[in-house]
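The values are calculated or read from the model by the stated rules, or taken from the named source; none is laboratory data. The shown structure was predicted, so the numbers you read here are calculated from the model rather than taken from an experiment. All Cβ positions, even for glycine, are placed from backbone atoms using ideal geometry, and neighbour counts span all protein chains on display. Just so you know, the surface numbers come from the protein's heavy atoms only, side chains and all, with ligands and any DNA or RNA stripped out. Shrake-Rupley method; radii C 1.70, N 1.55, O 1.52, S 1.80 Å.
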Amino acid sequence: MANAGRKGLRLALVQLAVGSDKATNVRRACEFISQAAKAGAQLVALPECFNSPYGTQYFSEYAEDVPHGGSSVALAAAAKQHGIYIHGGSVPERDGDKLYNTSVFYGPDGSVLGKYRKMHLFDIDIPGKIQFKESETLSPGNGITIVETPWCKIGLGICYDVRFFELAALMAQKGVELLLYPGAFNMTTGPKHWELLQRGRAVDNQCFVACASPARDESATYIAWGHSTVVDPWGAVLSTTDEKEGIVYADLDLNSVDEVRAFIPTRHQKRRDIYKLDDV
């Protein structure tokens, strides 16, 4: 079973090579989860759209019920089999006539501890580089998700959400010490902003930030940057990789969150008489 100690968490990010066969993607994700569990991982995180190619033309075809579809059932079984926590990256979710980009967080008994629907949809247009519009097929989620674990509170986001500092700040205000963002940044925004945004959110909120990406496939219609990364509360890169398939491991000492927040006490120095951040 996963160690329930508060201050030491072994995290694994699976940088999965995602193909066109859904069943194969799910099976291989579970194989990597098994490998990570054998290496001592207590929490394993998958990338965005781990069971599906990333693209608006694929979401409807690969969508399923969450958490009762095949991908979710497989991850719940893997969590229970290995006695670990699993953050299921994201999958295209079908709910009635709407589609969402959805994450599920599983406990070591296979139960669902949290479900999050991507609230900031990836709609961008960089002339001559990339144009993408998730809102052509996806609907946005409308709520934040914070998961309680034996180590800390974990806040969930997905990819483009990392650009919105307000969401991260709101979750940190509620006690979050680790932010998880599965993400598929591309070859334009990846080299410029992938690491920068993770380090920014870590420094802003004095917490750990971890982002699992799919591996890069140069033949795909959408080419992911890769470089799955874990950043510590000082904003330093704790662990990372290149574009190829693999697992990124990081040992998180949650004491460092307490230390940074004590050394640089911005949480207590905010001018709430002038500005504040609240739920709506």
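Remarks
- Check on residue 273, farther than 23 Å from residue 146 by Cα, open to solvent by 10 Å² or more (accessible area, probe 1.4 Å) and among the acidic types (Asp, Glu): yes
- Only one of the numbered conditions (1) part of a loop (DSSP other than H, G, I, E, B); (2) crowded, with 22+ Cβ neighbours inside 10 Å is violated by residue 177, and that is (1).
- Whichever residue in region 37-58 is in contact with a Leu (Cβ under 9 Å, 6 or more places away or on another chain) and not in a loop (DSSP other than H, G, I, E, B) and, among such residues, is surrounded by the most Cβ atoms within 10 Å (Cβ to Cβ): 44
- Lone qualifier among 103, 139, 111, 71 - being closer than 26 Å to residue 12 by Cα and in contact with a Phe, Trp or Tyr (Cβ under 7 Å, 6 or more places away or on another chain): 103
- Complete set of residues in region 251-276 that are more than 23 Å from the chain's Cα centre (by Cα), touching a residue at least 12 places away in the same chain (Cβ under 8 Å) and assigned to a loop (DSSP other than H, G, I, E, B): 264
- Exclusive hit being more than 24 Å from residue 192 (Cβ to Cβ) and open to solvent by 50 Å² or more (accessible area, probe 1.4 Å), set 97, 125: 97
- Members of region 180-204 that are over 21 Å from residue 256 (Cβ atoms), under 16 Å from the mean Cα position of the chain (by Cα) and in a loop (DSSP other than H, G, I, E, B): 182, 183, 184, 185
- Breaking point among (1) open to solvent by 30 Å² or more (accessible area, probe 1.4 Å); (2) without any contact (Cβ under 8 Å) to a residue 40 or more places away in the chain, for residue 231: (1)
- Residue 215 vs. criteria assigned to a helix (DSSP H, G or I) and modelled with pLDDT of 95 or more: no
- Counted residues, region 20-41 - those being more than 18 Å from residue 244 (Cα to Cα) and acidic (Asp, Glu): 1
- All positions within region 103-152 that are among the charged types (D, E, K, R), in a strand (DSSP E or B) and touching a helix residue (DSSP H, G or I) at 6+ places or on another chain (Cβ under 8 Å): 123, 133
- Selection status of residue 235, out of contact with any strand residue (DSSP E or B) (no Cβ under 6 Å at 6 or more places or on another chain), under 25 Å from residue 270 (Cα atoms) and assigned to a loop (DSSP other than H, G, I, E, B): yes
- Considering only residues in region 159-174 that are open to solvent by less than 30 Å² (accessible area, probe 1.4 Å) and within 13 Å of the chain's Cα centre (by Cα), the one that is farthest from residue 243 (Cα to Cα) turns out to be 168.
- Selection count, region 237-254, where residues are over 14 Å from residue 216 (Cβ atoms) and open to solvent by less than 40 Å² (accessible area, probe 1.4 Å): 6
- Test: residue in region 3-15 that is under 27 Å from residue 238 (Cα atoms), open to solvent by 30 Å² or more (accessible area, probe 1.4 Å) and under 18 Å from the mean Cα position of the chain (by Cα): yes
- Candidate set from region 65-94 (those that are part of a helix (DSSP H, G or I) and polar (S, T, N, Q)); member that is most open to solvent (accessible area, probe 1.4 Å): 81
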